Amino acid sequence: MAQQQISTPEDLIHYQVRSALTMEQHSLEALDELHAAAKDAKIKKLFSHHADETREQIANLTQVFKELGFDESSAPSPATTGIKNQAAALLEKAEPKLHNQIALMSALGNEHFEIAAYSGLILQATTLGASGAAKLLQENLDQEQHTSEELLSALQEYLA
Ligand SMILES: [Fe+2]
């Protein structure tokens with residue numbers, strides 16, 4: 001069901017959780033593409049592990065809709081569409097020997113966007129007194145932060 005005007009903090013968080021759902025769906029698609037692009041077994045494993053976590057995050061978002069008393073639906077997430085398109089364009093242009101590095105850097109960019117999205121959502125949910133929703137969003141944020149650290153150390157290791 002399409003959402004009408006965004007006029008209250010509740011409307012705003014509803015729209016942003018709907019966008020977060022699309023953001024995670026983009027993550028799943030991107031992780032699949034990056035998994036295919038990466039040549040290194042360890043990097044591939046990192047992507048498939050985070051794809052599993054991303055499925056849990058989508059389940060958490062389904063719960064967040066319930067906690068907040070909203071109907072579940074999705075809304076556009078142009079930022080993650082852009083991150084995904086940028087990765088695809090770069091992979092197409094670059095020599096295969098650079099694909100591991102591009103895959104890690106693209107995934108890192110995606111994680112940083114997700115960290116920003118969840119950090120804001122947690123504050124908004126907390127302000128609205130929705131502690132159950134805030135807790136679920138925090139679980140997602142913790143996974144994104146952990147993944148971001150793993151991606152960065154994999155990149156450091158790969159480039160060393
Ligand atoms: Fe995620």
Quiz item: Which log10 I(q)/I(0) values, to two decimals, does region 98-160 give at q = 0.15, 0.21, 0.23 Å⁻¹ under the Debye formula with one point per Cα?
Solution: -0.51, -0.76, -0.84
Quiz item: What full-extension length gain, to one decimal in nm, is calculated for Ile6 and Gln63 as 0.36 nm per residue of separation minus the Cα-Cα distance?
Solution: 18.3 nm
Practice problem: Please compute the net charge surrounding Ala79, taking Lys and Arg as +1 and Asp and Glu as -1 over other residues with Cβ under 15 Å from its Cβ. | Solution: -3
Practice problem: Scan region 35-90 for GluC sites (Glu not before Pro) in coil per DSSP, keeping those whose Cβ has at most 15 other Cβ atoms within 10 Å, and list them by number. | Solution: Glu72
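Compute the signed sum of charges (Lys and Arg +1, Asp and Glu -1) over the other residues within less than 14 Å, Cβ to Cβ, of Leu68.
Net of charged neighbours comes to -2.
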Quiz item: FRET efficiency for Ser119 and Asp40, Cβ-Cβ distance as r, R0 = 35 Å, nearest 0.05?
Solution: 0.70
Quiz item: Dipole size in debye (nearest 20) for the chain around its Cα centre, Lys and Arg Cβ +1, Asp and Glu Cβ -1?
Solution: 300 debye
Quiz prompt | Equivalent-ellipsoid semi-axes of region 1-155, from the Cα gyration tensor, Å, largest first | solution = 30, 16, 12
Self-check item: Where labels lie 7 Å past Cα in the beta-carbon direction, separation of Lys135 and Glu56 in nm
Solution: 1.6 nm
Quiz item: Points 7 angstrom from Cα along the Cβ direction at His112 and Glu92: gap in nanometres?
Solution: 2.4 nm
Exercise. Please name which of Thr126, Leu31, Ala116 has its Cα lying farthest along the dipole of the chain towards the positive end, using unit charges on Cβ (Lys, Arg +1; Asp, Glu -1) and the Cα centre as origin.
Key: Leu31
Practice problem: Bin width 10 Å, alpha-carbon pairs only: give the P(r) of region 54-114 as whole percents, running from 0 to the bin holding the largest distance. | Solution: 19, 37, 27, 14, 4
Quiz item: If the limit is 22 Å between Cα atoms, which of Lys45/Lys84; Lys42/Lys135; Lys44/Lys66; Lys44/Lys97; Lys45/Lys93 go over it?
Solution: Lys42/Lys135; Lys44/Lys66; Lys45/Lys93
Practice problem: Rounded to whole Å and sorted largest first, list the principal axis extents of the Cα atoms in region 3-44. | Solution: 48, 15, 8
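Laboratory data are not the source of any read-out in this text; all were calculated from the coordinates shown. Only a predicted model underlies this, so the values are computations on that prediction, with no experimental measurement involved. Please note: Cβ atoms are built from the backbone with ideal geometry, for glycine as well, and neighbour counts cover all protein chains shown.
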